[in-house]
Amino acid sequence: MGEMSDIIQNLKDAGCSEQQTKDICSLYKAGRIQDVIRTLRCHRCHLMDQLHESQSKVDCLDFLVYQMEKEQNIR
C-alpha cells in the first residue's frame, strides 16, 4: 500500500486511537490484511454511528430554532 508512516498518518486522520493504530499496524505487518480490513470497517461503522447521532442532535436544534422563530413571528 505504501509507507508505514503514511498508513499511521491516515489512521490518525481517521480518528483511530493509538492502541487501534498499533493493532492495525501489527496486523498489517503480519500480512493479515483481511483482519486489517475488518478492523477498518468496524471503525468506519463506529464513526458512521457517531455521525448519525450528531445529525439527530443537529435536527433537534434546527427544530427548536424553527419553533422559536415561528413563535417570535406570532408575537
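The values are calculated or read from the model by the stated rules, or taken from the named source; none is laboratory data. All of these numbers come straight from a predicted model, not from anything done at the bench. Quick reminder, even Gly has a Cβ in these numbers, built from the backbone with ideal geometry, and neighbours come from all protein chains shown. Note: accessible area is taken over every heavy atom of the protein model, side chains too, but ligands, DNA and RNA are not part of it. Shrake-Rupley method; radii C 1.70, N 1.55, O 1.52, S 1.80 Å.
What's the carbon and sulfur percent of the chain's accessible surface, probe 1.4 angstrom, rounded to a whole number?
Working: 3480 of 6390 Å².
Result for the chain: 55 percent of the exposed heavy-atom area is carbon or sulfur.
Using helices alone, I'd like the mean residue ellipticity at 222 nm for the chain: each DSSP H run of four-plus residues gives -39500 (n - 2.57), total over residue count, nearest 500. Show your work: numbers first, answer last.
Numbers: 3 runs with 64 residues, N = 75.
Result for the chain: -29500 deg cm²/dmol, rounded to the nearest 500.
Can you list, largest first and rounded to whole Å, the semi-axes you get for the chain by taking the square root of 5 times each eigenvalue of its Cα gyration tensor?
In descending order the semi-axes read 43, 11, 8 Å.
Magnitude of the Cβ-charge dipole of the chain, K/R +1 and D/E -1, about the Cα centre, nearest 20 debye?
Around 240 debye, computed over the chain.
So which lysines pass the test for LYS29, namely a Cα distance under 21 Å, with those fewer than 8 places away in the same chain ruled out?
The reachable lysines, counting only those whose Cα sits under 21 Å from LYS29, are LYS12.
May I ask you to evaluate 6.51 cos²θ - 1.76 cosθ + 1.60, the Karplus curve with θ = phi - 60°, for each residue of region 47-56 and list the ³J(HN,Hα) values in order in whole Hz, giving x for glycine and proline?
After applying 6.51 cos²θ - 1.76 cosθ + 1.60, I find 5, 5, 4, 5, 4, 5, 5, 5, 4, 5 Hz.
So how far apart, in nm, are the two label points at ILE37 and PHE63 if each is 7 Å from Cα heading toward Cβ?
Taking the simple label geometry, ILE37 and PHE63 are separated by 4.0 nm.
How many nm separate the modelled label positions at LEU47 and ALA14, each set 7 Å beyond the Cα in the direction of the Cβ?
Computed distance between label sites LEU47 and ALA14 equals 0.7 nm.
What accessible area per residue, rounded to a whole number of Å², is obtained for the chain using a probe radius of 1.4 Å?
Heavy-atom accessible area per residue stands at 85 Å².
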